[in-house]
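Undergrad: Quick one: the structure is below, questions incoming.
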Amino acid sequence: MILKRSMAVRLAVAASIALSAARGQDVALMAANEAGAALVRLSVSRTSSGALSAATLTVDAEAKFSAFSVREGESGAPLITRMGVLDLSDPLAQVAVEKLISNPSGLSLWIDDRSYGALNTAQESRFEAELLPENQSPPNFLLKAAAPVGVSVYTLPGGESGARATALAFEMTARFLGPVGVTGLHLHAGAAGVVGRAIAASTLSPARVLVSVTGLLGYRETLVSSKPETAAALAAVLGSPGNHYLDLHTAAIPLGAMRGQLMPASSAPPSLLTVLASGSDISLTTLAQGGLMSVYGRNLAQGAGGAGNPDGSAAWSLNGASLTIGNFNAPMLWAAPDVILAQVPFEVSPGTYPVRITTASGESRTFDVRVAAVAPALFQDAAGGLCLKNSDYSRVTAQNPATPGEIVFCYATGLGQTSPPLRTAAPAPADPLANVSGVSVSVGPATVNPVYAIATPGSVGTYQIAFAVPQVTGAAQVSIAVRGASSNRVQLHVR
């Protein structure tokens, strides 16, 4: 039977090649006059030849607005009128993007029906803060939570206070052990352990609560201002970031649940938020010997990409980052500032262990994970399970459903040791195949034996399970069981 090399691995390799071939550039621009102030952020990618390949644009203004436009000159024809991913097949969009990068002052920004004046390059300063309950004053050692936050301060020079306009951007991820309602995120002036006055606040409040039923949440907000007092307060942040802190409030702890001091992003150590089995399901928190784990946080690595050794084995350090679980180094397949994909070493016995990330900027706090001999996790995305037809290797989707009797195979991790046994960091062999025993497959109400269950040849930490589709129709729920341990459920479209 012909076996296909792991789609997950091939996609990761393709993404790595695309990232290395593309050159990214981020541009921050501001416009301000008596009408108000606004911030424009542009992110572009270019091919190796320098041609534009992608561009994304966002606009934030001091006041709420329903429409905007980037125009040629003060009152020329609109060149861009939509946020998000720009249509670079439109020649006007290409021209506008190039001008935003090379000559923004020749363009103006209109918010609704008012001109905010010419666009100019803004100065950007980036900071990080790791919010923890034990950093509160007094410390809270009962709450188990963490919230790494990225903070960007944008300044448009030229005002009486040194700036005509400013913007403050928050990018937060947070982890609590259960449901939570966040009611505030404030920036304060004050050294560590000191309760200081708030100088800026997000729009979160007891009347505008950010709710998460799982305890995992993300939040972004940008505050733009043309007020001199705001410019003066943010100038103090730029001058002494360590004497400022972020404070997060919840419905349960309204006076402040956790806080963290600002530090320059360039010197911030890695901040570890959570660790999951790599099945795209936040409920998959138990890891398996030899399985993949996804580590989420901030400042985890320098740049993004994956690169193995010449023999196909996974790297022990990647993009300036290394990872340990217990006393063992973990091989890494992908490393980016916000996520690391790594393998749990087979040498780690079942139990609970701390995970830690180390970079040139320091070490992260540890995050405890549970490791089992097997913890099956099926890969999935918005389209359903990562399952392919064995006949032509096409992805099973709603538009390309499987049929009863057809052989399909799904990708997974966490199926444990094989026969012959696998080695940590080493790619699975193709001859002989590394077989997994004790596997069953549930498809809707039916349970079937797999045609095969193997470690995917040439991959690290990835497995594939093939089975004949039983007599079901529609979006069937598929799960697997390995030696008594059950996986998550994913959708398989059947006609």
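Undergrad: Test residue 171 against the criterion of being surrounded by fewer than 19 Cβ atoms within 10 Å (Cβ to Cβ), part of a strand (DSSP E or B) and touching a residue at least 40 places away in the same chain (Cβ under 8 Å), and give yes or no. Before you say what the answer is, go through the steps one by one.
TA: On the way: surrounded by fewer than 19 Cβ atoms within 10 Å (Cβ to Cβ): yes; part of a strand (DSSP E or B): yes; touching a residue at least 40 places away in the same chain (Cβ under 8 Å): yes.
Judged against the criteria, residue 171 is a match.
Undergrad: Tell me the residue from 307, 335, 301, 315 that is closer than 20 Å to residue 379 by Cα, touching a residue at least 12 places away in the same chain (Cβ under 8 Å) and of a type in the set (A, V, I, L, M, F, W, C), please.
TA: Numbers: 307 fails: closer than 20 Å to residue 379 by Cα; 301 fails: closer than 20 Å to residue 379 by Cα; 315 fails: closer than 20 Å to residue 379 by Cα.
Step by step, each of 307, 335, 301, 315 is checked, and only 335 is closer than 20 Å to residue 379 by Cα, touching a residue at least 12 places away in the same chain (Cβ under 8 Å) and of a type in the set (A, V, I, L, M, F, W, C).
Undergrad: Based on what the data block shows, is residue 358 in the same structural domain as residue 335 (by TED's automatic domain parsing) and more than 21 Å from residue 452 (Cα to Cα)? I'd like the intermediate steps shown before the answer.
TA: Numbers: in the same structural domain as residue 335 (by TED's automatic domain parsing): yes; more than 21 Å from residue 452 (Cα to Cα): yes.
Here the answer is yes, as residue 358 does meet what is asked.
Undergrad: Evaluate the range 325-337: report whether one residue or more is of a type outside the set (Val, Ile, Thr) and touching a Gly at 6+ places or on another chain (Cβ under 6 Å). Spell out how you get there, then give the answer.
TA: From the range 325-337, those of a type outside the set (Val, Ile, Thr) are 326-337; that's our starting set.
Adding the requirement that they be touching a Gly at 6+ places or on another chain (Cβ under 6 Å) leaves 333-334.
Looking through the range 325-337, at least one residue is of a type outside the set (Val, Ile, Thr) and touching a Gly at 6+ places or on another chain (Cβ under 6 Å).
Undergrad: If you check every pair at least six apart or on different chains, which have Cβ atoms under 9 Å apart with a residue in the range 230-253 that is more than 18 Å from residue 208 (Cβ to Cβ) first and a residue that is of a type in the set (Lys, Arg) and modelled with pLDDT under 95 second?
TA: If the second residue must be of a type in the set (Lys, Arg) and modelled with pLDDT under 95, the pairs left are 231/164.
Undergrad: Among (1) closer than 27 Å to residue 177 by Cα; (2) buried (at least 24 other Cβ atoms within 10 Å of the Cβ); (3) more than 18 Å from the chain's Cα centre (by Cα), there is one condition residue 340 misses while meeting the rest; what is its number?
TA: The single condition residue 340 does not satisfy is (3).
Undergrad: Is it the case that the range 226-245 has a residue that's closer than 18 Å to residue 337 by Cα, surrounded by fewer than 18 Cβ atoms within 10 Å (Cβ to Cβ) and not small (Gly, Ala, Ser)? Please lay out each step first, then the result.
TA: The initial filter retains those residues of the range 226-245 that are closer than 18 Å to residue 337 by Cα, namely none.
The answer is no, given that none of the residues of the range 226-245 is closer than 18 Å to residue 337 by Cα, surrounded by fewer than 18 Cβ atoms within 10 Å (Cβ to Cβ) and not small (Gly, Ala, Ser).
Undergrad: Scan the range 468-485 and tell me whether some residue there is within 29 Å of the chain's Cα centre (by Cα) and of a type in the set (D, E, K, R).
TA: Looking for residues that are within 29 Å of the chain's Cα centre (by Cα) and of a type in the set (D, E, K, R), one finds none in the range 468-485, hence no.
Undergrad: Suppose we keep only residues that are part of a loop (DSSP other than H, G, I, E, B) and acidic (Asp, Glu) within the range 331-374. Which one would you say is modelled with the lowest pLDDT?
TA: We begin by selecting, within the range 331-374, every residue part of a loop (DSSP other than H, G, I, E, B); these are 331, 336-338, 344-350, 360-361, 364-366, 373-374.
Checking which are acidic (Asp, Glu) leaves us with 338, 347.
Numbers: 338: 92, 347: 97.
Among those residues, the one meeting the criterion is 338.
Undergrad: Restricting to strands (runs of 3 or more DSSP E) lying wholly in the range 108-166: which have 1 or more residues that are modelled with pLDDT of 95 or more and of a type in the set (Val, Ile, Thr)?
TA: Details: elements: 114-118, 123-131, 145-157.
Where strands (runs of 3 or more DSSP E) fall fully within the range 108-166 and carry at least 1 residues being modelled with pLDDT of 95 or more and of a type in the set (Val, Ile, Thr), they are 145-157.
Undergrad: Right, next: What number goes with the only condition from (1) touching a residue at least 12 places away in the same chain (Cβ under 8 Å); (2) out of contact with any helix residue (DSSP H, G or I) (no Cβ under 8 Å at 6 or more places or on another chain); (3) in a loop (DSSP other than H, G, I, E, B) that residue 96 does not pass?
TA: With (1) touching a residue at least 12 places away in the same chain (Cβ under 8 Å); (2) out of contact with any helix residue (DSSP H, G or I) (no Cβ under 8 Å at 6 or more places or on another chain); (3) in a loop (DSSP other than H, G, I, E, B) applied to residue 96, the lone miss is (3).
Undergrad: Right, another one. Failed condition for residue 56, given (1) more than 28 Å from the chain's Cα centre (by Cα); (2) farther than 18 Å from residue 103 by Cβ, with all others met?
TA: Among (1) more than 28 Å from the chain's Cα centre (by Cα); (2) farther than 18 Å from residue 103 by Cβ, residue 56 violates only (1).
Undergrad: Given the residues 434, 455, 476, 468, which is the only one that is of a type in the set (Gly, Ala, Ser), closer than 28 Å to residue 282 by Cβ and at pLDDT 95 or above? First the steps, then the outcome.
TA: Numbers: 434 fails: closer than 28 Å to residue 282 by Cβ; 476 fails: at pLDDT 95 or above; 468 fails: closer than 28 Å to residue 282 by Cβ.
After ruling out the rest, the residue left standing is 455.
Undergrad: Okay, next question. State whether one or more residues within the range 388-401 are closer than 22 Å to residue 291 by Cα, in the same structural domain as residue 442 (by TED's automatic domain parsing) and in contact (Cβ under 8 Å) with a residue 40 or more places away in the chain. Full working, then the answer.
TA: If we filter the range 388-401 for residues that are closer than 22 Å to residue 291 by Cα, which is where we start, we get 388.
Filter again for in the same structural domain as residue 442 (by TED's automatic domain parsing), leaving 388.
From what is left, the residues that are in contact (Cβ under 8 Å) with a residue 40 or more places away in the chain are 388.
The answer is yes; a qualifying residue exists.
Undergrad: So, one more: Out of all the residues in the range 281-292, which are of a type in the set (A, V, I, L, M) and at pLDDT 95 or above?
TA: In the first step, residues of the range 281-292 are kept if they are of a type in the set (A, V, I, L, M); the result is 282, 284, 287-288, 292.
Of everything in the range 281-292, those that are of a type in the set (A, V, I, L, M) and at pLDDT 95 or above turn out to be 287, 288, 292.
Undergrad: On the basis of being of a type in the set (Phe, Trp, Tyr) and over 32 Å from the mean Cα position of the chain (by Cα), does residue 452 make the cut? Before the answer, list the steps.
TA: On the way: of a type in the set (Phe, Trp, Tyr): yes; over 32 Å from the mean Cα position of the chain (by Cα): yes.
Yes.
Undergrad: Looking at the structure I just gave you, is residue 313 on the phi < 0 side of the Ramachandran plot and either at pLDDT 95 or above or not in a loop (DSSP other than H, G, I, E, B) (or both)? Steps first, answer last, please.
TA: Details: on the phi < 0 side of the Ramachandran plot: yes; either at pLDDT 95 or above or not in a loop (DSSP other than H, G, I, E, B) (or both): no.
Against the criterion (on the phi < 0 side of the Ramachandran plot and either at pLDDT 95 or above or not in a loop (DSSP other than H, G, I, E, B) (or both)), residue 313 does not qualify.
Undergrad: Another one. Taking into account only those residues within the range 445-473 that are of a type in the set (Gly, Ala, Ser) and touching a helix residue (DSSP H, G or I) at 6+ places or on another chain (Cβ under 8 Å), which is surrounded by the fewest Cβ atoms within 10 Å (Cβ to Cβ)? Let's see the steps before the verdict.
TA: Our first condition is that a residue be of a type in the set (Gly, Ala, Ser); within the range 445-473, this holds for 446, 453, 455, 458-459, 461, 466, 468.
Next, from what is left, pick out any that are touching a helix residue (DSSP H, G or I) at 6+ places or on another chain (Cβ under 8 Å): 458-459.
Numbers: 458: 16, 459: 24.
Ranking the qualifying residues of the range 445-473, first place goes to 458.
The values are calculated or read from the model by the stated rules, or taken from the named source; none is laboratory data. Bear in mind the structure is a predicted one, so any value in this text is a computation, not a measurement. Virtual Cβ from ideal backbone geometry, glycine too; neighbours counted across all protein chains shown.
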